[in-house]
Amino acid sequence: MKTQHLQAERQGKTWLNLALSLVLAVASACGTGGGAPLVAPTMLPDFESAAAAAASASPISVTFNQTYKERIDLNEPIARRSAINTDKSLFKVIKAAQSTLDGAFYDIEDPGVVDALIEAKERGVTVRLVTDNANLVEKHDPSKPRAAIVALKQAGIKIVDDNRSAIMHHKFLVADTSVVWTGSTNLTPTSLYRHNNNAVVLRTVPVAKAFTEEFNRLFVKHQFGISDRGRIAPLPAFQVGGAEVRVFFSPGGSGREAVVAELAAAKKSIQFMTFSLTDPTIGQTMADKATAGVAVSGIFDRWLAGGKYSLFNAFKSEKMIIQKDGNEALMHHKVIIVDGTTVISGSYNYSQNAEMNNNEAFLIVKRAPSFANAFEGEFKKLQQAAKVNRPPPYKPKDAEIGTVENP
């Protein structure tokens, strides 16, 4: 059974240099919510413009949803205004595309994104999309085709779905076979503007080619399940600027083994922020490291933490610092940070289904200090939000919130 779960420049060289210094220190920054502001409120727009400019120039950068308050009605206006919210990096990639846009997304619904893709098609860009078959229809009325999908098809954009019970859970876009936008973010208003999500941009042809190969397995060959695609040979590590980037695809891509190996190598710390963490092997490795003296701390989505297969309660009895998040909407990250230097992030929830059944992608990034610092900054903001926020004690009416995945 499918799981439904889930969108100026100011005068004065002194300020601009300061802003750029701060940006480079966190590789595209990550906003000011959930803690003391970095700059005075009147200067914030300039800081965000500098952050966005630095991100667009870097070979690898990350943006986060600016959703650190406790309620949707507070978070969404901030996220929509922010120059460093995930949607801004997405629109920049779409608008800069000259020849091709290949996107695989579990959920496609946001009107602004639909318009941007149609505009790209109208200016001569070849746009191809893959999505999950359960999301071809309206969420409030599954008897009706989804308006966003209808509009895209009417514009001449071909859309392929997985037509199966497992989940086509990817969240990536490849532009001109040279730029990749990927992470935990679906193309929906809730995912772009309400949930805690991230989006990584990689400006490198080798990584883009790897994602294009995965796209073609789905769009051209219709190879969604492991019985169709077989095991995927491990990809070599890619050099992206000074960083080392490894890319993993599911199913059949040996992602779990890679995650366990990184966790087993932890010397000082493991930090995680995960929408769903149910995999017993990954969970046991974390528990063993905590027993061995590694500082393990984590944040679970509050709505899924109590799920039948969630490891939240088991972890509470271990030597770990564990919290439920402080956002009324989803804490939708799928992130692990090892020793403050290695980042694991993508669409891959840490579950048996993510490994064996779903279509997923995730990155393991090393030797990228600013990139890792940005993720640690996000983790600290969510820790603070979990500590001080008081979200409503009930689930909001959010169509992307479903039941926890089976292990």
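Identify all aspartates and glutamates with a Cα-Cα distance to LYS324 below 13 Å; exclude those on the same chain that are fewer than 8 residues away in sequence.
Answer for LYS324, where 13 Å is the Cα cut-off: GLU70, ASP301, listed by chain and number.
In what sequence, highest mean first, do 346-356, 290-300 appear when ranked by Cβ atoms within 10 angstrom?
Working: 346-356: 24.4, 290-300: 18.2.
Packing proxy ranking, top to bottom: 346-356, 290-300.
Which ³J(HN,Hα) values, rounded to whole Hz and listed in residue order, are derived for segment 266-271 from phi using the Karplus coefficients 6.51, -1.76 and 1.60 in 6.51 cos²θ - 1.76 cosθ + 1.60 with θ = phi - 60°, glycine and proline given as x?
4, 9, 10, 8, 10, 10
Could you give each residue of segment 202-219 its phi-based ³J(HN,Hα) in whole Hz, using Karplus coefficients 6.51, -1.76, 1.60 with θ = phi - 60°, and x for Gly or Pro?
Taking θ as phi minus 60°, the curve returns 10, 9, 7, 5, x, 5, 4, 5, 5, 5, 5, 4, 5, 4, 5, 4, 8, 6 Hz for segment 202-219.
Just to confirm the filter: which trypsin sites (Lys or Arg not before Pro) across segment 113-146 are DSSP coil and have at most 11 other Cβ within 10 angstrom of their Cβ? Please list the in-between numbers first.
Working: sites: LYS121, ARG123, ARG128, LYS139, ARG146; in loops: ARG123, LYS139, ARG146.
Sparse-neighbourhood loop trypsin sites (Lys or Arg not before Pro): ARG123.
From the cross-link list LYS95/LYS158; LYS267/LYS316; LYS267/LYS395, which pairs have alpha carbons spaced over 27 Å apart? Intermediate values should be presented prior to the final figure.
Working: LYS95/LYS158 19 Å; LYS267/LYS316 21 Å; LYS267/LYS395 38 Å.
Among LYS95/LYS158; LYS267/LYS316; LYS267/LYS395, the Cα-Cα distance tops 27 Å for LYS267/LYS395.
How would you order 161-172, 255-266 from highest to lowest mean count of nearby Cβ atoms within 10 Å?
Numbers: 161-172: 21.2, 255-266: 17.8.
Most protected by this proxy first, the peptides run 161-172, 255-266.
Each value in this text was obtained by applying a stated rule to the coordinates, not by laboratory testing. These numbers were taken from a predicted model, which means no experiment stands behind them. Counting neighbours? That spans all protein chains shown, and the Cβs are built from the backbone with ideal geometry, glycine included.
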